[in-house]
1. Return the pairs, sorted by first residue and then second, in which the second residue is polar (S, T, N, Q) and surrounded by fewer than 20 Cβ atoms within 10 Å (Cβ to Cβ), the first residue lies in segment 90-103 and is on the phi > 0 side of the Ramachandran plot, the beta carbons are less than 6 Å apart, and the residues are 6+ apart or on different chains.
2. Evaluate the following for Gly85: is it touching a helix residue (DSSP H, G or I) at 6+ places or on another chain (Cβ under 6 Å), in a helix (DSSP H, G or I) and outside the structural domain of Pro277 (by TED's automatic domain parsing)?
3. Please tell me if Ala76 is surrounded by fewer than 20 Cβ atoms within 10 Å (Cβ to Cβ) and either outside the structural domain of Arg200 (by TED's automatic domain parsing) or part of a loop (DSSP other than H, G, I, E, B) (or both).
4. Condition (residue is under 21 Å from Ala161 (Cβ atoms), part of a strand (DSSP E or B) and modelled with pLDDT of 95 or more) applied to segment 46-57: is it met by at least one residue?
Amino acid sequence: MSPRLFLLSTALPIAMAFSTAALAGEVKAVASFTVLADVVKQVGGKHVTVTSLVKPDGDPHEFEPSPANAKSLNAADVVFVSGLGLEGWMDRLISASGYKGTPVDVSQGIKTREMDEDGKTVTDPHVWNSPVNVKVWVKNIETTLAAADPADKDDFKANAAAYLQKLDELDRYAHQKFDPIPQDRRKILTSHDAFGYFGREYNVTFLSPLGVSTETEASAGDVAKLIEQIKAEHVKTYFFENSNDPRLVKQVAKATGAAPGGELYVESLSKANGPAPTYEKMFRYNVDKIADAINKSS
């Protein structure tokens, strides 16, 4: 695992993390990647303009910041990150941009998932793949925006409450899809280990040749073990991801006989005309794709 994944492990208290008080009526917010940017938009509503550093279909692990990103960061009233090591490039970008604030780590308060990778204990950063975790994001975002723009705090509170209801509905929707499926059939092959929180919430087992970051590389021995595990557990469906290279997962699938289930949106929203332009649509799309694939393979 790249050492960059261990950056951004600490942050100032949320209410103190914006650089300057925003004028009532408009907060200039920057979010690290598209999924987070959409949630900020849902809470901020008309009072917030949001710029995502990583663009649709982009990989937040391997993102390379540009001068335009530095300019956006420098002009921001508040910057939001998911944290937990996802944005290993952010410290470098802050230094280059001259941004004087501290990014708001919206994942503070989430019950994280720890896992072993290459003999080291690491924290899984992909918290948004459970809407239960995104509820924590929403509360942290609301607190931050209210501190940056107190005049509009009632609107932020109302927007947050409405979106929390949508997240509860997403959680119910996923349970309705997966709960009737026998536990031993809820098994899927994906490109890298990004569905841990989804799996924890809905008791779905995800197997993958790569770890929590697309920057890691799978050894031949690890791939061989995974192939044997997939055969032993009779995993019948594989998915590739919109934001990273599908070749390795296709290689594993070919060796095991797993059938393609299509594309999932794991770390990035689609473009506006795609199937997953918002977090809500992304989550429903992934649930439908995974549940349908499991049901068809039985």
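1. Gly98/Asn74
2. No, not satisfied.
3. no
4. yes
The values are calculated or read from the model by the stated rules, or taken from the named source; none is laboratory data. Just so it is clear, the model here is predicted, and its values are computed rather than measured. All Cβ positions, glycine included, derive from the backbone under ideal geometry; neighbour counts span all protein chains shown.
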